[in-house]
Structure formats: structure tokens, C-alpha cells
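The values are calculated or read from the model by the stated rules, or taken from the named source; none is laboratory data. As the structure is a computational prediction, the values presented were derived from the model and not from experiment. Don't worry about glycine lacking a Cβ; one is built from the backbone with ideal geometry, like all the others, and counts go over all protein chains shown. Only protein heavy atoms, including side chains, enter the accessible area calculation; ligands, DNA and RNA are left aside. Shrake-Rupley method; radii C 1.70, N 1.55, O 1.52, S 1.80 Å.
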Amino acid sequence: MGYFFRILKSSIAGFDELPDFDEWGEMFIDGLKMFLVQFVYLLIPLIVIFIGAWASIASMSVTEAGSLANPTLAIGLIGGTAIIGIILAILFELIGSIAVANMALNDSEFGAAFRFSEILEKISMIGWGKYIVWYIVMIIVTFIGGIIASVLQVIPFIGMIIALLVVYPYITMFSARSLALLFGSTVEMD
């Protein structure tokens, strides 16, 4: 996560070359900040899912015969809150990606990831449609990369090493660079 953030930061600053893989302490701190931002953005969807699961469990009462009194209600609560939680997770992840980019733009300032008006303005400048298309493309690229890594892991030991040292790092670099270029289109207009 720290190197992802470093690539994001240097690409937003206008550098085309990969940044050095050094200053591990700084990279660790930046990665930790990025993790915390993503965690905070996923808290609300997780809370919704948790409350739905808790409510569905609480709604289950057992009759004297030992069967559930209203299993449909429990299943409905779990399913309904899961769907709402997933929709919220996607929405918050969309906002969270630009929040991380905004933090990178503002020299790793943690608070920049929570300036909602700035973040929503950046997304509007990008265009919601363009941004959602980018997000879908990134899901597809990551999925294809995961399939390639899984296929490589069929080769004992060597396949796992290739997946860990080649496939996953390239997916990370591609994701960070593409997010930076997308986000950078808004920075030039400022």
C-alpha cells in the first residue's frame, strides 16, 4: 500500500518514471494512512451489514416444536441489509479511491482524505460516468490478473513466486498510475 501511494503521489506530481523503492519507514507510514482511510470509508457499510445480521438473528425465535417462528423475516433482513451494505460499500469505495488520491495530492495529509466537498468536486470534474467506467475497468483488470496469478500458481513454488513478484506488482502499479492519471486530469484544471 505504501508503494501504491508513492506511485500515486509521484504520478500526480507529473513524474512518468516509477519512484524509488526506498525509505521504507515513510512508505510504511503512507501505507498505514492509506489502510486507515480505506478502513474508515468501509466502516459505514460494515456497520449496516452488522446491524442487519444482528437484527435478523434477534428476530429468530424458536417455537416450542423447535422450528423458527419466522425464517422469512430473518432471511429478508440478512438479504436486504447485505444488498444495502454492498451498494454502500461500492459507493464509499468510489469516494475512498479519490480520497486517497486527494491525500496524495496534499502531501500525505491524512485530513485531506476526509474533505468531502473537495473529493466530490474532483469526482464531478472527472465525471461520474468516466469514473465509474474506470472503476469497472480496474475490477476487470484485477480479476484477469487474479486469474493469471491463480493459473501460474499451478506451477509448484515457481508459479507462486512469479505471481507475487510479477503479476501482483504490475496490477498495483497499473492501478496506482491509472488512478493518478484520472485524478490528475482534475488537478490541471485547478
Computed over the stretch 97-190: relative contact order in percent, which uses C-alpha pairs under 8 Å that are six or more apart: 28
Net dipole in debye of the stretch 83-190 [+1 Lys, Arg Cβ; -1 Asp, Glu Cβ; about Cα centre; nearest 20]: 340
Reachable lysines from K33, criterion Cα separation under 20 angstrom, eight or more residues apart if same chain: K9
Among (i) 19.3, 63; (ii) 16.3, 52; (iii) 20.7, 70, the entry derived from the coordinates for Rg and Dmax of the Cα atoms in Å: (iii)
Dipole in debye (nearest 20) - the chain, about Cα centre, beta carbon charges: Lys, Arg +1; Asp, Glu -1: 560
Full-stretch length increase - E26, A53 - with 0.36 nm per residue and alpha-carbon distance subtracted: 5.8 nm
Efficiency of FRET between I162 and F116 - r from beta-carbon atoms, R0 30 angstrom, step 0.05: 0.15
Positive-pole candidate from F4, L43, F116, dipole of the chain, charges at beta carbon: L43
Solvent exposure ordering (accessible area, 1.4 Å, most first) of F5, F143, F39: F143, F39, F5
Cα-based helix-to-principal-axis angle, 168-187 vs the chain, degrees rounded to 10: 80
Most mobile of K122, K33, K130 in a GNM of the chain (Cα contacts under 10 Å): K130
Rounded tilt (10° steps) of 71-105 against the dominant C-alpha axis of the chain: 10
Accessible area (Å², 1.4 Å probe, nearest 10) - E121: 100
